[in-house]
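What follows is calculated from the coordinates using simple rules that are stated; it is not laboratory data. Here the structure is a predicted model, which means the values were calculated and not measured. Every residue, glycine among them, receives a Cβ derived from its backbone with ideal geometry; neighbour counts consider all protein chains shown.
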Amino acid sequence: MKEIRDMSRELLERQAVDGVLGLRRGAYDIVEPHVFRDPGETSLLVTEPKWPLAKTAMKVLRDAPEGFRLAVVARGCDERALSELAKRNQVRDRNLRIIGVACTEARAKECLCDRPYPREIHGGTQEPGVDPFEDPRVRALLEGDSRERMNRWASLLRRCIKCYGCRNACPICVCVPCKLEDEIWVEKGSIPAEMLVFHLIRAFHLSDTCVACGACQEACPVFIPLLSLQLAMRRTLKEEYGYEPGMERDRRSPVLRNIFEEPGTRKSVPAWVSSGEHEHD
Amino acid sequence: MTKTVVLLCNCFGEIGGVLPLEEIAGKLRESGDGLSVHVLPSLCMDQDAERMGTLLRDEGADSVVAGGCPSPARRETLRRALGNAGIDPARCAHVDLREGCAWIHRNDPAGAARKAADLLAMGLASLEERGASSDVWTEVRPECLVIGAGPAGLAAASALARRGVTTHLVERSAQAGGMMNLLSRVYPGNEDGKSRIAPGLRELEENPRIVFHPRSRVLSVKGFAGDFKVLVQTADGPLHLRTGAVVVATGAGVFLPAKMYRYGELKQVITLMELERQWIRGIGDRKRFVFIQCVGARCPERPYCSTICCPSSLKNAVRVMEEIPGGEATVLHRDIMTPGAVLERYYRKAMETGVRFVRFREDAPPEVTGSETVEGVRFRDAAGGKAWALPADAVVLATPLVPGMDNRSLKDLLGIELDGHGFFAETYPLHPLETRMDGIFIAGSARWPVSSEQAAAQGEGAAVKALGILGQGRVSALSLSRVPGRKLGHGRVEDGSCTGCGNCVAVCPFLACSLQDTGNGRLVSRVNKMRCKACGNCVSVCPNGTMQIPEHNYRMVGAMIRKAFSE
Amino acid sequence: METASERSGGKPVKILVFACRWCGGIGAERAGWKRADLPASFRVIPVECAALVEPDAVFRALAAGIDGVAVLGCHVGGCRYDEANHAALKRMELLKVLLDTVGIGGERLCLAFGTAHEDHQFAAVMGDFHRLLQGMPPLAPWTGGGDEDSPRSVGT
Amino acid sequence: MALSGEPLRPGDASPDVLVIGGGVAGILASLDLARAGRSVCLVERAPRPGGQVARLDKIYPTDHCAFCPLWTDVRECLDHPLVTVMTGARLAAFRREGERWLAEILRTPPFIDEGLCIFCGRCVPVCGEEALSPLLDQAYPPIYRIDAGRCTECGACVSACPTGAIDFSRKDAAHRISAGEVLWATGFREGDLRPLPEYGYGTHPDIMTSLEFEEWTAESGPNGGKLLRKSDGGTPSRIAFIQCAGARDLRMFPYCSAVCCMHALKQAQWLKRRNGDLECTVYYTDLRAVGRDYYRYSKREPSGEAVRLIRGRPGLVFPLPGGGIAVKYEDTFRGDVRIERFDLVVLNGNLRPSLSPDREGDAPAVDREGFLDPAAGFGCGFAVEPGDIMDSAVQAAAAAMRILGRDKG
């Protein structure tokens, strides 16, 4: 906390950056994202509550004049989201600087976060992450045979009121227009949303991008545990290709590459799909 | 107001025998929207063309759904009929009612009938949403770029120049000829290395159509088949070219067997290349030569056979026997690789001249003995296991050709593929000189180790492929793709909605997609229509449906899915 | 084989097939030439290449009450569009994972990357897929119908 | 027969180039020539172009089927305005006339008209001689074919055919082709191995040549890719591939056929892939895997694809009374002589160039091994030098270029 404030002030004072994006506790204790430009102001900087800043950073940089240097007070998930946005050319991260905040153990548990800290930690101490698959809540969602899971998820998603909160809160979703608003894919005016398409399309669009920040489910007014939709796909990417969204800035998703460059373990390929070309490195 | 006509082929009872065509036709007519439906005995016989043509004209049709067999080869008459009625072939949807329905569901007529109705409904739906992207053309630049002036490059350049094509021959070193300059003799004949390239060099001298750029390298190649924009760094500064085709003939490198078989330690342990030089400079009084094959080849680090080392060693072994009085040649090998008639004959000749061949096992390689100089070679005969200690004056190591050091950079620069070893790869075995990029061809040891003779043949082959493009005034994207009956045009981007995420760029096999800055730092994807083959990868990874192939857009797919089980 | 495309539950099996016009398509055609005997439960949408199958279309199909989707492409390495089908295969594998997560079952997405010669393979794939889906419950809870033999609201 | 400067009759032609042989080499050369603006007449003996490659189920080293790339090129050939394809045709006479070559082509039109046959198959059951069979592996679209040997021209099929595709009145027709250049792409045929009794070829149905075996096990073959014994339809458990059977053998073919090693490895690996517990043994002299990825392919041993390689050329192959085939060989690495029992024996190496040494008219001389002397005329593919698909394709392109180089255009 203190370290973060000091670092922000210091960066602004020696004009290493033109602004620091963080949370400000203003009048009446209202906390909101804010771009600090005046070193003195940084005394108002806070790091709680959890508030995904990646998209805000994107907008700030987009509207800022060319060459504007921004520092972002970022948690691990913010940093990873920013690097995913950068991969998709949504953020020019050469003008971007991370002031890393490590989350508390409690926060990590709350978020089911397996990596509750950024690459470089400037504030807080590194706590071990939790394995989401060990968490009873997740277990309860993913266990059971397919019929049980089908009924469980159907009834969960049937709550959807189609507020698009999950999409809007997601630090990676940036498309305009969005497929979810196209009636070819999702029927207009039907509530609950054609949940099979609405939520599965959404989930799959993020399959190789989701940094598991949990913003979607925190934004859901009817408590649909959306994060758990992503976990299995994230695990598969890790097992097949050793790929974790947000971790390697310069590595595109293996799903976008051919099988010579990113062969994966090919566990899931039926034998007769195999071909001499698997031999290529 | 569109007028759609449905033509149902009875196929002489092959389809009507299973499907109640008239009933289906009736249902379609009732379904309203002014459909006119006709059941015809056939759609592919000569007399049908006329009949269908009149029928379509009378109906004033502008789009057609044809239910019949799927075979493109049997659509000629229908295509003629559409022509007669002045209907754009893109406005005709083919529905497979025979192979895909009548023939495989004949024991379930009811199910087959339902399926047929659904398939026709899907066909109709597809027509409503189907767009069209016209084919694109480019004027062909009648010049060619050949990279590398070895046997392959020279052959290609002179072949092209003789056909009147101005050819830019870019060579990294100062002189043409490549490895031929280093060889004393070349197999399978026994002629002098230089003589193999003499005709090419003469052409280079005499034919003004070959523009030779020594001490030069290609910096960038942009554009597409028919019109490549090439930047060459020549000895006297940068040079901009526009060429219709590119031939990559950069050759290969030679593997240096550092520390293997005491190479570098004993000066009588040499490589084949060094032996070639010594033949030129004078072989000295050495008599007993031992050739060791597969030095650094067919091993875990280089898991391939370099093709040329066995014949080269045979050549030199025979020469030892024939030209050195009292000469002795022994070839230690793991397999003698002389496939075909010519080389096998050569192998027999070597045996007849008295060359000794002994096989060793990969796991028991020979051992060079001697302290100051080579004294001999110790090895175990794989056949029978007899142990040998063979006195030798010289040990010659047959080392493989290795991928040229520029291959990686050239790959990125040209957008063509390397194989798992680092040589340039073709697309199909049937098209060994063609790469994934239309208009860029590969020849010689740059694509795989070959003899100078083979390299020259490949050079000529690449030349004829290039002529296939250069010979035409202009080429179209469809004609280049050479996919018969290909229906799709090319990807298309809705500017307004492209987020510039670059997924399409990452996934396109043909480097057809690129990101362009529209100012204010906003990136938008662009499709190079000449390169695009409409495989649709970009469509599937585009997060918000910005990238589409008009002939097969998502609205069309969505509509077809909704109709798939409407019966 | 059984021609009745009826499922034990009474509802007919519905299969949507995306067949690349090279291997998948020609394989299907050859199945016709050989007069294979197949259940009339599948509808084919021909595509130029398996790469052209948008994952969203699979959801779209399942949402439309289709029980299973088959994607037929060429051998990995046999693609007529260079490496186009590599990425397609990877996408579809990942898609199976999501379908498993939500209990639809990855097996409802059938991937067959074969070669044009393999008409018997096409027949086998379609036959097996049909039988598999016959044994599976309908997607009723997803498509709104609700699942008879299980409580309506299983929440957390 | 009379071959002179009479005026051309209908069906005669005077193309720039006459390509003899519609295999992969001939097809590719024709396309290259046509793309460069030359008119081509392509003469093929079989009812469809495609040659030997069309008989292959899979091609090494990528294990794809040859069908669709080959079909693509055949299709382009058939559709190309500058290419005339004559199938079911053979070279009857051939000679130089002034600046050009004059060839007489005897064409046996198929009883069944390709353009009319809709593959309905109604002709099959009505034929008492079982003379009709589908031609669908190499042909696209497929058609039926009448085995002239069996057909009695009873006409039952003619009346059964709904499209009038069958017509026995069509007789052989002679066409005269006057060509500027001739390209020999006559490929190879299988040599008869019976003169080499030690291989036991012809003594038992389970001793096959590799091409027979390829068709027997093909995905599109009689067993839909299943591996069975030819003798009793049982399931084999041990297969022997004998390399250089007839090749590198001074009694028959002194040369190396260049394709057999990889061909055998391919077949062995595919069998293993389909049936893991199958035991495949390859007897080789030199394992000649020289092309791109061939060596790797020969070493490839993923899950149970291991193929047993034995260096040695079996000296005796004979059917066992109790069933099965015995192979007697010396393992030259172990240096011991042994006899093993196999269910199937596949013989590799009986490939010979199709050009016959007995010359037709001014047909170019071939050497005593039967290969065309490159100096004597333009040639490509196996007619000139044994090689696999890639070699033939390269040679075809090179030959096309040399032909173009002839005339200064």
Which of B:Cys508, B:Cys498 has the fewest Cβ neighbours within 10 Å, and the rest in rising order: B:Cys498, B:Cys508
Working from Cα positions, state the angle (0 to 90°, nearest 10) between the long axis of helix D:24-35 and the longest principal axis of chain D. 40 degrees
Step through the residues of region D:111-127 one at a time and calculate ³J(HN,Hα) from phi using the Karplus curve (6.51 cos²θ - 1.76 cosθ + 1.60, θ = phi - 60°), rounding each to whole Hz and writing x for Gly and Pro. 4, 9, 6, 4, x, 9, 5, 9, 6, 6, x, 6, 6, 5, x, 7, 7
Long-range HN-HN contacts of D:Phe111 with modeled amide H, under 5 Å: D:Ile146
I need the phi-derived Karplus couplings for region D:258-272: 6.51 cos²θ - 1.76 cosθ + 1.60, θ = phi - 60°, integer Hz, Gly and Pro marked x. 6, 9, 5, 4, 5, 4, 5, 4, 4, 4, 4, 5, 5, 4, 4
Just want the answer: with Cβ charges of +1 for Lys and Arg and -1 for Asp and Glu, which residue in D:Pro110, D:Gly187, D:Ile325 is farthest toward the dipole's positive end in chain D? D:Ile325
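Which of the trypsin sites (Lys or Arg not before Pro) found in region B:352-407 are loop residues per DSSP with 11 or fewer other Cβ atoms within 10 Å of their Cβ?
B:Lys386
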Rounded to one decimal in nm, the spacing of the 7 Å Cα→Cβ label points at B:Asn520 and B:Leu219 is 3.4 nm
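Starting from 0.36 nm per residue, how many nanometres of slack lie between D:Asp147 and D:Ser356 once their C-alpha separation is accounted for?
Details: separation 209, 0.36 × 209 = 75.24 nm, distance 2.49 nm.
So the chain would gain 72.8 nm between D:Asp147 and D:Ser356.
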Karplus 3J(HN,Hα) series, Hz, for region A:74-91 with 6.51 cos²θ - 1.76 cosθ + 1.60 (x for Gly, Pro): 10, 7, x, 5, 4, 4, 5, 4, 4, 6, 5, 4, 5, 4, 8, 6, 8, 10
Fewest to most neighbouring Cβ within 10 Å: what's the order for A:Tyr28, A:Tyr164, B:Tyr304, D:Tyr329? A:Tyr28, A:Tyr164, D:Tyr329, B:Tyr304
Separation between the A:Val46 and A:Glu66 pseudo-spin-labels, each 7 Å from Cα along Cα→Cβ, expressed in nm? 4.0 nm
Select from D:Pro15, D:Leu33, D:Ala93 the residue farthest towards the positive end of the dipole of chain D; place +1 on Cβ of Lys and Arg, -1 on Cβ of Asp and Glu, and compute about the Cα centre. D:Leu33
Modelled label reach - C:Lys11, point 7 Å along Cα→Cβ, region C:57-93 residues with backbone N closer than 12 Å: C:62-68
Report, as an integer, the average count of C-beta atoms from other chains found within 10 Å of each Cβ along B:538-551. 5
Distribution of pairwise C-alpha distances over region B:435-564, 10 Å bins, in %: 11, 31, 27, 19, 9, 2, 0
Find the percent of Cα-Cα distances in region A:124-257 that exceed 26 Å, and round it to a whole number. 26 percent
Per residue of B:174-182, what is the mean number of Cβ atoms on other protein chains within 10 angstrom of that residue's Cβ? 0
Share of alpha-carbon pairs per 10 Å distance bin for chain A, given as whole %: 6, 25, 31, 24, 10, 2, 0
Cβ-Cβ FRET estimate between B:Gln233 and D:Glu97, R0 fixed at 56 Å, reported to 0.05: 0.55
Starting from the Cα of D:Phe168, step 7 Å toward the Cβ, then list every residue of region D:109-152 with an amide N under 17 Å from that point. D:109-113, D:123-133, D:145-152
More than 23 angstrom apart: percent of Cα pairs within region D:192-351: 33 percent
How big is the dipole moment of region A:2-130 about its Cα centre under a simple scheme where the beta carbon of each Lys and Arg is +1, that of each Asp and Glu is -1, and everything else is neutral? Debye, nearest 20, please. 400 debye
Would you mind checking the tilt of helix A:54-63 against the longest principal axis of the Cα atoms of chain A, expressed as 0 to 90 degrees and rounded to 10? 60 degrees
Of B:Lys259/D:Lys299; A:Lys238/C:Lys96; B:Lys115/C:Lys90; B:Lys222/B:Lys411; A:Lys162/B:Lys563, pairs whose Cα-Cα distance is over 19 Å: B:Lys259/D:Lys299; B:Lys115/C:Lys90; A:Lys162/B:Lys563
Of the residues A:Val186, A:Leu141, A:Ser43, the Cα lying farthest along the dipole of chain A towards its positive end, which is defined by charges on the beta carbon of Lys, Arg, Asp and Glu, belongs to A:Val186
Distant-in-sequence amide H partners of A:Leu21 (H built 1.01 Å from N, under 5 Å): A:Phe36, A:Ala71, A:Val72, A:Val73
Considering the alpha-carbon set of the protein assembly as shown alone, what are its Rg and its Dmax in angstrom? 34.4, 113
Any chance you could run the full-extension gain for B:Arg57 through B:Leu256? It's 0.36 nm times the residue separation minus the Cα-Cα distance, nm to one decimal. 64.2 nm
Cβ density ranking, 10 Å radius, fewest first, applied to C:Trp22, A:Trp185, B:Trp279 yields B:Trp279, A:Trp185, C:Trp22
D (µm²/s, integer) via Stokes-Einstein for chain D, Kirkwood Rh across alpha-carbon pairs, 10 °C, 1.306 mPa s: value 69 µm²/s
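Taking a cut-off of 18 Å, what percent of all Cα-Cα pairs in region C:15-141 are separated by more than that?
Within region C:15-141, distances greater than 18 Å cover 49 percent of Cα pairs.
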Largest first, please: the extent of the C-alpha atoms of chain B along each principal axis, to the nearest Å. 100, 60, 45
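Over all residues in D:383-396, what is the mean tally of Cβ atoms on other chains that come within 10 Å of each residue's Cβ?
Taking all residues of D:383-396 together, the mean is 5.
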Eligible lysines near D:Lys226 by straight Cα distance, threshold 19 Å, same-chain separation 8 or greater: C:Lys34, D:Lys58, D:Lys266, D:Lys272
Which log10 I(q)/I(0) values, to two decimals, does region A:1-155 give at q = 0.14, 0.17, 0.20 Å⁻¹ under the Debye formula with one point per Cα? -0.73, -0.96, -1.20
Relative to the longest principal axis of chain A, what angle (0 to 90°, nearest 10) does the C-alpha long axis of helix A:146-157 take? 40 degrees
Beta bridge orientation in the protein assembly as shown: antiparallel %, DSSP, nearest 5: 45 percent
Debye log10 I(q)/I(0) for region B:256-399, one point scatterer per Cα, at q = 0.09, 0.17, 0.18 Å⁻¹: -0.24, -0.94, -1.07
Run the dipole for region D:198-275 about the Cα centre, Lys and Arg Cβ at +1, Asp and Glu Cβ at -1, nothing else charged, and hand back the magnitude in debye, nearest 20. 320 debye
Label point 7 Å beyond Cα of A:Thr125 along Cβ direction - residues of region A:16-47 with amide nitrogen under 20 Å: A:47
One computes Rg over Rh for region B:414-457 from alpha-carbon atoms, with the Kirkwood Rh, and obtains 0.95
Nearest-20 debye value, region B:256-399 charge dipole, Cβ charges on Lys, Arg, Asp, Glu: 200 debye
